[in-house]
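Here the structure is laid out as C-alpha cells; the discussion comes afterwards.
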Amino acid sequence: MTTLTLPLTWVDACPDHHLETEIGVAVLLPDHRQVALFRTHDGHLYAVDNLDPHTGAAVISRGIVGDRSGEPTVASPMLKHVFSLRTGLGLGEDHVRLGTWPVREHQGMLQIGTTPQGTP
C-alpha cells in the first residue's frame, strides 16, 4: 500500500516575537479556517483548530495553557474542556478532538503548514 504525501505550503502567521509564552494567537488562513497558535513555557510551538468542538465558538486561542502529567494542554475558555496540544485529543473525551497543524519558525516568522488543498 502506497501513502500519498502532499507537500506543505507554509503560511505566515505572525512574527516570532509577537507570540508570548502560553498566550495564544488566532490565525486566519487563506481558506478562512482559523488556527490557534501557542508557545509553551519550554519553547515548543503548537497549532490547533481555533473552533471549540463543543460550542462552535472561535475561542481556543484564548484558552488556558497548562500541563497534565507532561502533556501540554489547552482548556477552552467556554466550557473548560481540555485538549492535548500535541494530538488535539480531548482529555477524558476520546471522541472529541481539535485538528492539529504543523508549525515552524522560519526567518523570524511563525508559519502554519497546510497542503495545497487546504487540508492540515
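Taken together, the values in this text are just the output of simple stated rules run on the coordinates, not laboratory data. Values in this document were obtained by computation on a predicted structure and should not be read as measured data. Every residue, glycine among them, receives a Cβ derived from its backbone with ideal geometry; neighbour counts consider all protein chains shown.
Counting pairs of alpha carbon atoms under 8 Å apart in space and at least six apart in sequence, what relative contact order in percent does the range 1-94 give? Display every interim value, and only then the final one.
Numbers: 151 pairs, mean separation 15.7, N = 94.
Dividing the mean separation by the residue count of the range 1-94 yields 17 percent.
What net charge is computed for the residues neighbouring residue 76, neighbours being all others with C-beta under 13 Å from the C-beta of residue 76, Lys and Arg scored +1, Asp and Glu -1?
Overall, the nearby charge balance is 0.
I'd like to know how the chain sits against the 2.2 N^0.38 Å rule of thumb: what's its Cα Rg over that expected value? Mind dumping the intermediate values first?
Values: Rg = 14.0 Å, N = 120, 2.2 N^0.38 = 13.6 Å.
Computed over Cα atoms of the chain, the ratio equals 1.03.
Each residue of the range 104-109 in turn: what ³J(HN,Hα) in whole Hz from Karplus with 6.51, -1.76, 1.60 and θ = phi - 60°, glycine and Pro shown as x?
8, 9, 9, 6, x, 10
Figure the gain on full extension for residue 17 and residue 94 (residue separation times 0.36 nm, minus the Cα-Cα span) and round it to one decimal in nm.
On the way: separation 77, 0.36 × 77 = 27.72 nm, distance 3.43 nm.
Net length gain for the segment: 24.3 nm.
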